[in-house]
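The values are calculated or read from the model by the stated rules, or taken from the named source; none is laboratory data. Because the structure is predicted, anything quoted here is derived from the model rather than measured. All Cβ positions, glycine included, derive from the backbone under ideal geometry; neighbour counts span all protein chains shown. With ligands, DNA and RNA removed, areas are computed over all heavy atoms of the protein, side chains included. Shrake-Rupley method; radii C 1.70, N 1.55, O 1.52, S 1.80 Å.
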Amino acid sequence: IPANTLRVGDQVRITALVRVDDNNSTDTLTSHLRFGGNNLSDQAAHDVADADLVLLEATVFVTAIGATGSVSWFGRGQVQDDGLDADNAGVATVDLTAAITIDVTATWSGAHADNKTTLKGLAYEVIR
């Protein structure tokens, strides 16, 4: 998100979709959605299957702007056919005078050539 564009009262809705392309046996996958370095949505370690989808969603509320801006959020993570797994909420200080990075990470419990994921989609919307 470009620097200095968010205002007090803005909501940022973020959605990410991760696909498990291949996995090794019982290795588990942990996924995170981050906003300005803050972990918004976690998908706890799961023994996923090939072709499973992981949905990560969060809504961020801007409560103060500037270099010591403040945001509150609620996020959740879900694995296909597994139901809701994790909710995450919090408050953090974010430098809103700088560009805000939105990151998605996926970490396997074990290193193996079969463990592969693809970020299928990442979208955000600023609501004023």
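For the peptides 102-112, 50-60, 22-32, the ranking by packing is 50-60, 22-32, 102-112, with the highest mean count of neighbouring Cβ atoms within 10 Å listed first.
Computed from backbone phi with θ = phi - 60° and the Karplus coefficients 6.51, -1.76 and 1.60, the 3J(HN,Hα) list for region 8-21 is 4, x, 5, 10, 10, 9, 10, 9, 10, 10, 10, 10, 7, 7 Hz; x is used for glycine and proline.
In plain terms, if you count all Cα to Cα distances in the chain and split them into 10 Å steps from zero, the share in each step is 14, 43, 26, 14, 3 percent.
Given a 1.4 Å probe and every protein chain left where it sits, what share in percent of the accessible area of region 40-117 is carbon and sulfur? Mind dumping the intermediate values first?
Numbers: 1880 of 3760 Å².
Ligands and nucleic acids excluded, carbon and sulfur reach 50 percent.
Rolling a 1.4 Å probe over the protein heavy atoms gives the chain an accessible area of 50 Å² per residue.
For the residues ARG34, ARG7, a 1.4 Å probe over the protein chains yields an accessible-area ranking, largest first, of ARG7, ARG34.
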